[in-house]
Amino acid sequence: MNICVIGSGYVGLVTGSCFADLGNDVICVDNNKSKVAALKKGVIPIYEPGLEELVKRNVKEGRLSFTEHLKEGVKKSEVIFVCVPTPPKDNGDADMTYVEHVAKEIALSMPSYRLIVEKSTVPVNTGEWVEHTINVFNKRKIKFDVASNPEFLKEGSAIEDFMNPDRVVVGVKSKRAADILTELYKPLKAPMVVTDIKSAEIIKHASNSFLATKISFINSVANICDKVGADVVDVARGMGLDKRISKDFLSAGIGFGGSCFPKDLAAFVHIAEKTGYDFGILKEVQRVNKYQKRSVIKKIEELLWNLPKKTVGVLGLSFKPGTDDLREAPSIEIIEMLLKEGVRVKAFDPVAMVKAKELLGKGVTFCKDAHQVAKDSDCLLVVTEWNEFKELDFKKIKKLMRQPIIIDGRNIYDPKEMKKLGFKYIGIGRG
Ligand code: NAD
């Protein structure tokens, strides 16, 4: 099929290159000219494992191209995926101006039947607004369909997730739209949930909110474990082996971040409010997530006494391993709180350093590796569970540190081993 993907960020670029790899002709559109120029030169503006090779291969084989001109993409393609941002407004509501703008541009550019697919995460009823917007500008009364096809990929394993999804959700109003999307996704051999547009829109917000709830739930359990001397890792294992619960998203830590969970939770709370329903559970999930980050500062204070002029070494900055994405990363909020308390912060991340320097600026000493972070630090704080932090030379680290204290914000180390090595070790919910 001829496919146009509008918005070539984490979701759009992965979607476009995966569809190309499945044999479709894909044109990726982005209104950021420098991004398009870079992509045309084979430079991938984000870090996502395997993406560079995938893009290069499909460009070389003539199935994938890039443009900054939406009109060009819409003209060439029958199916149009909208993958633009839907960031949160101050009140938690999703900012839908990008989607509206694109809908208008599509209406003005489409020469014949087009299927416009929302892949961005959008509030329920967006499908109707997109249809309305297209109708307003579709003076030539060209036939079109709107569909919802929420994306469930995770940054860090985005290609694998896209190619092997647990399910593909498709919300449609017409058989024609259902047939096109079923055909397009057929090679993935994944279970398909074909439903109405509103239900598909809600599936995405409900799924992310549920996963965030699991995280805040286990974090609350961890806080009890801390008080009574139990180990949340064993508790989570004991719970997670029950298939009804499952072990996924049951790791206690300093809270979730990223561009999706916090924003989608806020949007779902807001959607509920608009309908007159108070989604109290989700507000509590948000509160627990905030608490987790603040409680790290409390732990550091308990360990280091007065904070001004103490040095904290931060290991990991991206919101999770496998990505350079710092949007809503817990590291940023925690580092800002530490700096406010007068703490000296040293930090290292395997891939997010460039973005972190832009965001955090001069207040932080950026290091070339974990050893440099450890040097003269009063405490090490693990924020992102990158694999390379799991196997450090702790004998060397201990010698380099001013005080051998580790706060393991992701529970990646064995408390007994750390204590044996001579560290004062504090995990999250590890007694
Ligand atoms: P992103 O910021 O990485 O990418 C969005 C891209 O859209 C940017 O490159 C931007 O330049 C471009 N853009 C903005 N306006 C445009 C326009 N008018 N025309 C063409 N391009 C335009 O965002 P993302 O992380 O890819 O997220 C996109 C959507 O997908 C959001 O709704 C998000 O919630 C959802 N989503 C994200 C993830 C994820 O893991 N990042 C997963 C599932 C769903």
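The values are calculated or read from the model by the stated rules, or taken from the named source; none is laboratory data. Note that the structure is a prediction, hence the values are computed from the model and not measured. Using ideal geometry, Cβ is built from the backbone for each residue, glycine included, and neighbour counts are taken over all protein chains shown. Keep in mind that these areas ignore ligands, DNA and RNA; they rest on the heavy atoms of the full protein, side chains included. Shrake-Rupley method; radii C 1.70, N 1.55, O 1.52, S 1.80 Å.
Before moving on, here are some points about what is shown:
- Boolean, Ser157 is touching an Asp or Glu at 6+ places or on another chain (Cβ under 6 Å), modelled with pLDDT of 95 or more, within 27 Å of Ala20 (Cα to Cα) and surrounded by fewer than 20 Cβ atoms within 10 Å (Cβ to Cβ): no
- Flag if Ile134 is surrounded by 19 or more Cβ atoms within 10 Å (Cβ to Cβ) and under 27 Å from the mean Cα position of the chain (by Cα): no
- The set of residues in region 183-222 that are within 13 Å of Val168 (Cα to Cα), among the charged types (D, E, K, R) and part of a loop (DSSP other than H, G, I, E, B) contains only Lys189.
- Among the candidates Gly73, Gly50, Gly23, residue that is surrounded by 21 or more Cβ atoms within 10 Å (Cβ to Cβ) and out of contact with any Gly (no Cβ under 7 Å at 6 or more places or on another chain): Gly73
- Whichever residue in region 321-355 is over 21 Å from Ile412 (Cβ atoms) and away from the ligand (no atom under 16 Å from the Cβ) and, among such residues, is farthest from the chain's Cα centre (by Cα): Gly342
- From Ala267, Ala272, residue being surrounded by 14 or more Cβ atoms within 10 Å (Cβ to Cβ), within 16 Å of the ligand (Cβ to nearest atom) and within 17 Å of Ala94 (Cβ to Cβ): Ala267
- Listed by first and then second residue, the pairs with beta-carbon distance under 6 Å, at least 6 apart or on different chains, first residue in region 7-26 and at positive phi and within 15 Å of the ligand (Cβ to nearest atom), second in a loop (DSSP other than H, G, I, E, B) and at pLDDT 95 or above, are Gly7/Cys83; Gly7/Val84.
Per-residue answers, yes or no, for (1) open to solvent by 50 Å² or more (accessible area, probe 1.4 Å); (2) touching a Phe, Trp or Tyr at 6+ places or on another chain (Cβ under 9 Å):
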residue	(1), (2)
Asp278	yes, no
Arg287	yes, no
Val296	no, no
Trp305	yes, no
Leu317	no, yes
Glu341	yes, no
Val351	no, yes
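- Residue in region 137-151 that is of a type in the set (Ser, Thr, Tyr) and either open to solvent by 10 Å² or more (accessible area, probe 1.4 Å) or assigned to a helix (DSSP H, G or I) (or both) present: no
- Candidates Gly363, Gly313, Gly342: the one that is among the small types (Gly, Ala, Ser) and at pLDDT below 95 is Gly363.
- Of the residues examined, Asp231 is one that is touching a Lys or Arg at 6+ places or on another chain (Cβ under 6 Å), surrounded by 15 or more Cβ atoms within 10 Å (Cβ to Cβ) and of a type in the set (Asp, Glu).
- Selected residue [at pLDDT 95 or above and open to solvent by 20 Å² or more (accessible area, probe 1.4 Å)] from Lys119, Lys204, Lys189: Lys189
- Selection count, region 403-431, where residues are farther than 19 Å from Arg294 by Cα and outside any loop (DSSP other than H, G, I, E, B): 7
- Answer residue from region 27-43, given it is within 15 Å of Ser17 (Cβ to Cβ) and in a helix (DSSP H, G or I) and is farthest from the chain's Cα centre (by Cα) among those: Lys40
- Each residue in region 201-218 was checked for being more than 16 Å from the chain's Cα centre (by Cα), away from the ligand (no atom under 13 Å from the Cβ) and either in the same structural domain as Tyr291 (by TED's automatic domain parsing) or among the hydrophobic types (A, V, I, L, M, F, W, C) (or both), and 3 pass.
- Residue match in region 381-402 (condition: closer than 28 Å to Gly50 by Cα, in a loop (DSSP other than H, G, I, E, B) and modelled with pLDDT under 95): yes
- Put simply, of Asp179, Asp196, Asp248, Asp226 the only residue that is modelled with pLDDT of 95 or more and crowded, with 17+ Cβ neighbours inside 10 Å is Asp226.
- Strands (runs of 3 or more DSSP E) lying entirely in region 46-136 (those with 2 or more residues that are within 16 Å of the ligand (Cβ to nearest atom) and in contact (Cβ under 8 Å) with a residue 60 or more places away in the chain): 79-82, 114-118
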